[in-house]
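The values are calculated or read from the model by the stated rules, or taken from the named source; none is laboratory data. Computed from a prediction, not measured in an experiment: that's the story for all the values here. Glycine also receives a Cβ, built like all others from the backbone with ideal geometry; neighbour counts cover every protein chain displayed.
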Amino acid sequence: MAVPMCPRRPAPRLAGLLAAVSAATGAVAATYDFDVTCIERTPRYNYDATKNNPAPGDLVTFTGHIRNWGDTAGASVAYRWQLDGVTVATGTLANFAAGQERTVTWQWNWQTGSHYIKLTADPSSQFTELSEQNNERTDRTDSLIVGFWVEQSVYTYFQQHQRELPGIGSNSWDDWAQRQIAKWNTMCAEAVWPISPQGVLDRFRLDKIVIVADGALPLHGGLPTNNPDLSDKTVDLMWGFPRTLLDGTFYTNHTSLTLDNAFYIETSLLHELGHARYLIDCYGFDTHNTAHSGGHDSVQIWEGPTYVGGSSYMPYVAWGEVLYYNTSGGVMTGPYGFRWSPYEAGALNRIAGQRARCGNYNAPCNIGEYLQDLPGHNHMRFTDRYGRPRRAADIRVYRAVGDGQNWYGKTFDNTPDLLFTADGDGYVDFGRNPFAAGPIVHTYGTANGVMILRIAHQGQIWYRFVEVSDFNQQYWQGNTQDAYYTLSVAGNEKPPGDLNCDGRVDFSDINPFVMALVSRADYEAAYPACAWLNGDINGDGAVDFDDINPFVACLVAGGCP
């Protein structure tokens, strides 16, 4: 049987639990602990209903759930409601029994925008409690709605052991659950990047906690974690916690306040909720060659007699198999670590303020829809290490096709799909979608949101990976028609101003510079190993009198910028 909304459990059972914990640990049970476990808001609206949010002026009710985790009744326990820091209601809970949950309500005529509703138990600290840190709860009123379903043994286990985490005043599964939401909201506020100057705009609130019997999840099909109750459309994100999570060691570290301890912060939970919101796994862009260990080679390109994957053209970056790690992931796995990356923040802000659309679980039907956000023309400039254009460079595009046998499977065969020649400024216009002939796909068996470029210029060859994430971010920044990128590949070129190719810019370059200025043919005959454009100091594609003053400046400075 499911226990609706915020949790309710019989007081005698809780009192017995507290006594058992005290006996087992040798500790004296705390006299009181008034825990504001959650604030729910009614009426509820299905996310796919025509009206799925309150309208301005609608009467809404906030119901706060407070539990006394102590072993002694509170004769008279005060509480206080605040809106935007202003006290709007107060009251007293008489004879608040040990183990009991009580509810208090406050009604409000709905206003749009971000407002903050806060409930505090024992605001004047009249009682000495096991924890003073769980006495209050604050929600942003326009937050997206989270619902958690938890099986009884998990709920009980956390109540027995959360207090063992040092110094944070956690005393229940509810405290742990609220800590996950608080962490997520903190990461949203801190995700300040050029693409998201105000961070991730949405916030999240835990509105529904449902306790069910062991083995009850899922309630209406699906998976016990991803789909705890497919019939519920009142929340925007859901997750389930079956008893089987207690098998093994996942929650057995009761003392470490580190991100690798799920009993403190469950990073995998926040990752999975990211999927429920519609974010993809950024690690799906990663590329591996594993045929040598019985797997599949994603890169099957040859450069003459040389198999490119694992060669000097494309060396392994990890584990003797990884050829490419994505550059875009954070929470969804990548180089930014456990925080929202610019890419993830941009994707979240793309749907800021919108409730779930076609699923409030992992994975909704719109997962990764933003992969199709591509500028109409994508102009990539190819340069050398000094920023000079690689004019007339030969550019070949290798597209990924699915391998049909692995998550985010991809295969780059030996035939280039697109051929380009860089223009006089080093640019190639790739059009809208050089990654695929059809849509970008990112799922089991296929992940074609990464391409390989072969760049050939002046007898040198390079291979580089390019992600669709770069194109998506340009689109979100308003460059929906034309976007511009620069890809610099370093070769054996000499620096600007080094006309004798000795690796330095000094007075010995003056005579070669004059020769290059007067006659390209004479210069190239005298210095066959050097590039005439080393004398193009101002980068206009020619060596002429406009380069004289910049060349003198380079001599004085001991090098060109």
Original post:
Checking residue 313 against (1) buried (at least 21 other Cβ atoms within 10 Å of the Cβ); (2) more than 20 Å from the chain's Cα centre (by Cα); (3) not charged (D, E, K, R), which test does it fail?
Top reply: (1)
**OP:** Give the residues of the range 404-438 that are touching a Gly at 6+ places or on another chain (Cβ under 9 Å), under 14 Å from residue 389 (Cβ atoms) and small (Gly, Ala, Ser), sorted by residue number.
**Re:** 424
Original post:
Between a first residue in the range 76-95 that is assigned by TED's automatic domain parsing to the domain that holds residue 66 and touching a residue at least 40 places away in the same chain (Cβ under 8 Å) and a second residue that is assigned to a strand (DSSP E or B) and loosely packed, with under 12 Cβ neighbours inside 10 Å, which pairs have beta carbons less than 9 Å apart while being 6 or more apart in sequence or on different chains?
Top reply: 77/94
**OP:** Could you tell me which numbered condition residue 484 fails, if it satisfies all but one of (1) at pLDDT 95 or above; (2) not in a strand (DSSP E or B)?
**Re:** (2)
Original post:
Listed residues 63, 37; which is touching a residue at least 60 places away in the same chain (Cβ under 8 Å) and surrounded by 17 or more Cβ atoms within 10 Å (Cβ to Cβ)?
Top reply: 37
**OP:** Can you tell me which residue within the range 128-142, out of those that are crowded, with 21+ Cβ neighbours inside 10 Å and modelled with pLDDT of 95 or more, is farthest from residue 87 (Cα to Cα)?
**Re:** 134
Original post:
Regarding residue 384, is this residue of a type in the set (Asp, Glu) and surrounded by fewer than 21 Cβ atoms within 10 Å (Cβ to Cβ)?
Top reply: no
Original post:
Can you tell me how many residues in the range 296-310 are buried (at least 22 other Cβ atoms within 10 Å of the Cβ) and either in contact with a Phe, Trp or Tyr (Cβ under 6 Å, 6 or more places away or on another chain) or part of a loop (DSSP other than H, G, I, E, B) (or both)?
Top reply: 4
**OP:** Quickly run through the range 153-186 and pick out the residues that are buried (at least 19 other Cβ atoms within 10 Å of the Cβ), among the hydrophobic types (A, V, I, L, M, F, W, C) and touching a Leu at 6+ places or on another chain (Cβ under 8 Å).
**Re:** 154, 165, 177, 181, 184
Original post:
If you check residue 294 against the conditions, is it more than 26 Å from residue 206 (Cβ to Cβ), without any contact (Cβ under 8 Å) to a residue 40 or more places away in the chain and not hydrophobic (A, V, I, L, M, F, W, C)?
Top reply: yes
Subject >> residue 395, sole failed condition from (1) out of contact with any helix residue (DSSP H, G or I) (no Cβ under 9 Å at 6 or more places or on another chain); (2) in a loop (DSSP other than H, G, I, E, B) >> reply: (2)
**OP:** With respect to residue 171, determine if the residue is within 16 Å of residue 266 (Cα to Cα) and part of a loop (DSSP other than H, G, I, E, B).
**Re:** no
Subject >> Within the range 273-295, considering residues that are assigned to a helix (DSSP H, G or I), out of contact with any Asp or Glu (no Cβ under 9 Å at 6 or more places or on another chain) and not hydrophobic (A, V, I, L, M, F, W, C), the one surrounded by the most Cβ atoms within 10 Å (Cβ to Cβ) >> reply: 284
